[in-house]
Amino acid sequence: MADQPATTPTVDATGFHGADARSAVTDFHVFDTTLRDGAQREGVSYSVADKLAVARLLDEIGVGFIEGGWPGALPKDTEFFARARTELQLRHAQLVAFGATRKAGVAVAEDPQVQALLDAGTPVVCLVAKSDVRHVREALRTTPEENLAMVADTVAHLVAHGRRVFVDCEHFFDGHAADPDYGVQVLQTAFAAGAEVGVMCDTNGGMLPMGLGRVVADVRARTTGKLGIHCQDDTGCAVANSLAAVEAGVTHVQGTANGYGERAGNADTFALIGNLVTKMGLPVVPAECLPELKRVSHAIAELANIAPDDHQPFVGASAFAHKAGLHASAIKVDPELYNHLDPAVVGNDMRILVTEMAGRASVELKGRELGVDVTGQGDAIGRVVDQVKVLEAEGWSFEAADASFELLLRAELPDAPAPLFQLESWRASVEHAATGAVVSEATVKVHLPNADGTTERVIMTAEGNGPVNALDNALRQALVGRHPHLAGVSLADYKVRILGWKGGTSATTRVLVDTTDGAGEWTTVGVHDNIVEASWRALVDALTYAVRHRSSGTRD
């Protein structure tokens, strides 16, 4: 982010800090509803503190509006708006309260839910209104005329109290298919009452881009106000549908971070921004915000307690990862030949994956990425390519284990460093005591090289909460006298995958170990029929990598 805000934050009449009115009223709106619609994703439950943190992150990518929730309907959301008034200082966005139009047959001034929207104190209110006449009759159990009056009364009431009003027309496209005129009447009624935006919602997520574009074009020709789009992802087309709507004339787009939402989710705010800016040429967020997309996407995923989607467009870890040797050969000539844009534009980076499909170009490019120059080193590249193909056939995988691949690569260089130790043996045991306690113990016997060419035999025993942890502790203790910084190295994660069922309990096992020293993190791999031996191999690589990188002054 830039050190200075694009606009000077002010405090408006509602008491909320935010971008000034001149910057808030722009030609194009990016409206994020992660904290309301996105929170409806199965398994997501934000605390109030989480909601405040997510709002700050969304503001950092430059969205124009952040819908915070439904005050009056949910106590958590009511608390959020109360705290946001003093705890949120937004640089780019306006905070939005969400709620419904007045109830049928109830005067707007007497509807407690409408009053809760005013009490939230936000500068903007987004109302949900029925725009499918079938829903009006069957869900609201009222008449189409009363529904129009509910829209007009509520919009006018909020506008009279100084609020900007957007209206979400629920089930708009289903309603348009049943009655092409009624949804337009709802929009025109809202505009006449003072609504700034009328949003067409694909609430069931059943539309496809070509059909949605035709409906939007029809509605655009028959309305006079600013139109918006809100798409669910039930057909996998939420982002495409949103972009089709923009092409057909809408200038307000709603999405959620990482596409979180009910059922299959919503249009992904990060993909929307990425496409609108880099593909459609619409500067919908400040230029300095675009490189924050990947960081913010992953930070929000952490707050939602959902693993980031590696294959998410623009911001996923694999969004610019190349595996095929043919791709790598072209990228070696010019990265733009296989990248649809410079990854740095959205805060991402390109990665080369080394697998059995890799050729010489893949190994060379991966070496550059890891800081290992293999050019001019004889046939080191060819030897590495051959090794990778053999190892991958045995079950090894270096795609997610850059540290192990770097060690393999360096071992083929003329100045390859000597191993940290020579293994004599290791032993691990698990004891289940009568008390129910389970204790693991491991002993390692290694020979450490001395400067004079001799070796020192070291035997070390340690306990752990499992055989792998015990082995890790024993090996680190055996090496820490020579390499003191290993005392600060520890396992961060441990993953096991069974490869190729051989009957009974026999199978090849692949182990991935994530290791950290508190400042960096790296991944190593080990493969063997015995799970503990596979783990040992990954552990040896992990500690070797720690020593080599510390001694060379480089960090992961």
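Summary table below
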{"quantity": "Among the candidates Val155, Val184, Val159, residue that is of a type in the set (Val, Ile, Thr), open to solvent by 30 Å² or more (accessible area, probe 1.4 Å), in contact (Cβ under 8 Å) with a residue 12 or more places away in the chain and assigned to a helix (DSSP H, G or I)", "calculated": "Val159"}
{"quantity": "Pairs, first part of a strand (DSSP E or B) in the stretch 124-152, second open to solvent by 30 Å² or more (accessible area, probe 1.4 Å), C-beta under 6 Å, six or more apart", "calculated": "Val124/Arg164; Val125/Arg163; Val128/Glu170; Lys130/Leu140; Lys130/Glu170"}
{"quantity": "Hits in the stretch 414-430 (condition: surrounded by 10 or more Cβ atoms within 10 Å (Cβ to Cβ) and either part of a strand (DSSP E or B) or aromatic (Phe, Trp, Tyr) (or both))", "calculated": "Phe421, Gln422, Leu423, Glu424, Trp426, Arg427, Ala428, Ser429, Val430"}
{"quantity": "Test: residue in the stretch 248-264 that is of a type in the set (S, T, N, Q), crowded, with 22+ Cβ neighbours inside 10 Å and farther than 18 Å from Asp59 by Cβ", "calculated": "no"}
{"quantity": "Residue that is least open to solvent (accessible area, probe 1.4 Å), among those in the stretch 469-494 that are among the charged types (D, E, K, R) and within 34 Å of the chain's Cα centre (by Cα)", "calculated": "Asp472"}
{"quantity": "Identity of the residue in the stretch 43-61, without any contact (Cβ under 8 Å) to a residue 60 or more places away in the chain and assigned to a loop (DSSP other than H, G, I, E, B), that ends up most open to solvent (accessible area, probe 1.4 Å)", "calculated": "Ser45"}
{"quantity": "Condition check for Val96: among the hydrophobic types (A, V, I, L, M, F, W, C), surrounded by 24 or more Cβ atoms within 10 Å (Cβ to Cβ) and closer than 25 Å to Asp181 by Cα", "calculated": "no"}
{"quantity": "Flag for Asn465 being touching a strand residue (DSSP E or B) at 6+ places or on another chain (Cβ under 9 Å) and farther than 14 Å from Ala538 by Cβ", "calculated": "yes"}
{"quantity": "Residue satisfying condition, being assigned to a strand (DSSP E or B) and at pLDDT 95 or above, within set Met200, Met207", "calculated": "Met200"}
{"quantity": "Filter result (open to solvent by 80 Å² or more (accessible area, probe 1.4 Å) and either under 19 Å from the mean Cα position of the chain (by Cα) or modelled with pLDDT of 65 or more (or both)) within the stretch 310-337", "calculated": "His311"}
{"quantity": "Number of positions in the stretch 542-556 that are modelled with pLDDT of 90 or more and either small (Gly, Ala, Ser) or more than 21 Å from Asn473 (Cβ to Cβ) (or both)", "calculated": "2"}
{"quantity": "Flag if Leu227 is part of a helix (DSSP H, G or I), under 30 Å from Arg91 (Cβ atoms) and either touching a residue at least 24 places away in the same chain (Cβ under 8 Å) or not aliphatic (A, V, I, L, M) (or both)", "calculated": "no"}
{"quantity": "Residues of the stretch 62-76 that turn out to be outside any loop (DSSP other than H, G, I, E, B) and either at pLDDT 95 or above or open to solvent by less than 10 Å² (accessible area, probe 1.4 Å) (or both), as a count", "calculated": "5"}
{"quantity": "Qualifying residue in the stretch 165-173 (condition: farther than 28 Å from Pro75 by Cα and in contact (Cβ under 8 Å) with a residue 40 or more places away in the chain)", "calculated": "yes"}
{"quantity": "The stretch 392-413 - residue that is modelled with pLDDT of 75 or more and open to solvent by 30 Å² or more (accessible area, probe 1.4 Å) and, of those, farthest from Ala546 (Cα to Cα)", "calculated": "Glu412"}
{"quantity": "Any chance Arg220 is in a helix (DSSP H, G or I), open to solvent by 30 Å² or more (accessible area, probe 1.4 Å), without any contact (Cβ under 8 Å) to a residue 60 or more places away in the chain and in contact with a strand residue (DSSP E or B) (Cβ under 8 Å, 6 or more places away or on another chain)", "calculated": "yes"}
{"quantity": "All positions within the stretch 223-247 that are buried (at least 17 other Cβ atoms within 10 Å of the Cβ), of a type in the set (S, T, N, Q) and more than 21 Å from Lys279 (Cβ to Cβ)", "calculated": "Thr223, Gln232"}
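The values are calculated or read from the model by the stated rules, or taken from the named source; none is laboratory data. Everything quoted here is computed from the prediction, not taken from an experiment. Virtual Cβ from ideal backbone geometry, glycine too; neighbours counted across all protein chains shown. When the accessible area is computed, the model is the full protein with side chains, heavy atoms only, and any ligands, DNA or RNA have been set aside. Shrake-Rupley method; radii C 1.70, N 1.55, O 1.52, S 1.80 Å.
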